[in-house]
Amino acid sequence: MSRQAAFKRFGAVTNPADGRTTTGATVSIEKIRNLTEQVFDHIRNGEYERIESLLHPDVRQELTPSLIAETWQRVLGEVGKKESFSDTHVVMPAGERIDEDERVLGTVVGVTTVNCEAGEVMGRVAVDEQSRIVGLLIVSPDQSPLPF
């Protein structure tokens with residue numbers, strides 16, 4: 001287990017403003033898996049307003065509906081339309097897989113393989129402790145390194 005993974009699972013943070021200790025919230029693996037697949041179904045269906053409502057307010061300004069649409073159009077041009085999902089799972093930002101519900105401090109990442117007509121892409125959805133999307137990534141499955 002990496003130091004980051006150990007801290008996210010077992011660590012605590014003291015808020016300097018009020019001195020209160022914060023520990024991780026329990027992450028529902030099933031909820032994050034479902035959210036991850038829902039996000040890419042919304043993208044496929046052009047339902048950008050539904051994605052926008054799931055974004056953290058700070059992210060909405062950067063991850064606009066037009067940017068998402070343009071990115072998906074490029075994906076369509078490379079691998080065709082989405083057919084299915086496979087291997088949808090949840091990881092720590094550094095990549096360590098989380099296999100069951102547990103207490104985690106901070107962001108986790110839903111990961112799925114989006115199987116398309118002529119290939120596949122990896123979809124990644126970074127989610128904060130309040131289940132708001134703080135990052136969205138569509139890359140080839142062999143892309144490395146990843147920002148989250």
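I need a count of the residues in the range 36-47 that are without any contact (Cβ under 8 Å) to a residue 40 or more places away in the chain, open to solvent by 50 Å² or more (accessible area, probe 1.4 Å) and either β-branched (Val, Ile, Thr) or not in a loop (DSSP other than H, G, I, E, B) (or both).
Residues meeting the conditions: 2.
Residues that are within 15 Å of the chain's Cα centre (by Cα), at least 2 per element: which strands (runs of 3 or more DSSP E) completely within the range 84-148 meet that? Steps first, please.
Values: elements: 102-104, 108-116, 119-127, 133-139.
Answer list for the range 84-148: 108-116, 119-127, 133-139.
Checking the conditions here, which among ARG60, ARG50, ARG33 is open to solvent by 30 Å² or more (accessible area, probe 1.4 Å), under 20 Å from PHE148 (Cα atoms), without any contact (Cβ under 8 Å) to a residue 60 or more places away in the chain and basic (Lys, Arg)? Even if it seems obvious, please write down each step before you answer.
Numbers: ARG50 fails: under 20 Å from PHE148 (Cα atoms); ARG33 fails: without any contact (Cβ under 8 Å) to a residue 60 or more places away in the chain.
Selected residue: ARG60, the only one of ARG60, ARG50, ARG33 that is open to solvent by 30 Å² or more (accessible area, probe 1.4 Å), under 20 Å from PHE148 (Cα atoms), without any contact (Cβ under 8 Å) to a residue 60 or more places away in the chain and basic (Lys, Arg).
Quick check on THR88: is it open to solvent by 20 Å² or more (accessible area, probe 1.4 Å) and under 17 Å from ILE43 (Cβ atoms)? Step through it out loud before you land on a result.
Working: open to solvent by 20 Å² or more (accessible area, probe 1.4 Å): yes; under 17 Å from ILE43 (Cβ atoms): yes.
The answer is yes for THR88.
Do we have THR71 as in contact with a strand residue (DSSP E or B) (Cβ under 8 Å, 6 or more places away or on another chain), in a helix (DSSP H, G or I), at pLDDT 95 or above and surrounded by fewer than 17 Cβ atoms within 10 Å (Cβ to Cβ) here?
Values: in contact with a strand residue (DSSP E or B) (Cβ under 8 Å, 6 or more places away or on another chain): yes; in a helix (DSSP H, G or I): yes; at pLDDT 95 or above: yes; surrounded by fewer than 17 Cβ atoms within 10 Å (Cβ to Cβ): yes.
Spelling it out, THR71 is indeed in contact with a strand residue (DSSP E or B) (Cβ under 8 Å, 6 or more places away or on another chain), in a helix (DSSP H, G or I), at pLDDT 95 or above and surrounded by fewer than 17 Cβ atoms within 10 Å (Cβ to Cβ).
Conditions: (1) open to solvent by less than 40 Å² (accessible area, probe 1.4 Å); (2) in contact with a helix residue (DSSP H, G or I) (Cβ under 6 Å, 6 or more places away or on another chain); (3) not small (Gly, Ala, Ser). GLU96 meets all but one. Number of the miss?
Checking GLU96 against (1) open to solvent by less than 40 Å² (accessible area, probe 1.4 Å); (2) in contact with a helix residue (DSSP H, G or I) (Cβ under 6 Å, 6 or more places away or on another chain); (3) not small (Gly, Ala, Ser), the one that fails is (1).
The values are calculated or read from the model by the stated rules, or taken from the named source; none is laboratory data. What you are looking at is a predicted structure, and each value in this text was computed from that prediction instead of being measured. Cβ: placed from backbone, ideal geometry, glycine included. Neighbour counts: every protein chain shown. Accessible surface is based on the protein model in full, side chains and every heavy atom, while ligands, DNA and RNA are left aside. Shrake-Rupley method; radii C 1.70, N 1.55, O 1.52, S 1.80 Å.
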